[in-house]
Amino acid sequence: EMQGELIPALRRRFPQADIRHAAVSDHDGSAAYSVNAGFALHYRDGASLLDIDRDDRAPAEETVTTVDFAAVLRALRADHDFILVKMDIEGAEYDVLDHVLAQPGPPLIDHLLVEFHERFVGPARHAPTVERLKTGGLSHAQWR
């Protein structure tokens, strides 16, 4: 979870989950993120690493550690036979999925549930990633 103020509530609600204050990415590092200008402490409001030009977004003022999601998945794969990923990362899914799909070796994800945010990136960015999922044989379901 990249919004640090949500972590205590998440840990109370999901005590067995490994909740980290970070954002998945295609690299290790840090990044600025923005939140909905009407943001309140709840789970349905999307923060994004993308510089989204919308009236309801506050300027990107917060920073968060980013983690290479492919590396996280490789570490999980060492101990788990089946990896299901539910991904809703407000437009960052394109770079992250392209990076994960480009990794050599066996697939890092067995099944993917993903919310795409085509409205943030446009069809020219959306279509190639969806095609890579199909041609790469990654079992997936999507919602918008």
> Ranked by accessible surface with a 1.4 Å probe, highest first, in what order do Arg13, Arg74, Arg125 come?
Replying inline: Arg13, Arg74, Arg125
>> With a 1.4 Å probe and all protein chains left in place, how much of the accessible area of segment 61-144 comes from carbon and sulfur atoms, in whole percent?
In response: 54 percent
>> Starting from 0.36 nm per residue, how many nanometres of slack lie between Lys86 and Gln103 once their C-alpha separation is accounted for?
In response: 4.2 nm
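The values are calculated or read from the model by the stated rules, or taken from the named source; none is laboratory data. This structure is a prediction, so every number in the text was calculated from the model and none was measured. These accessible areas exclude ligands, DNA and RNA; they are computed on the full protein's heavy atoms, side chains included. Shrake-Rupley method; radii C 1.70, N 1.55, O 1.52, S 1.80 Å.
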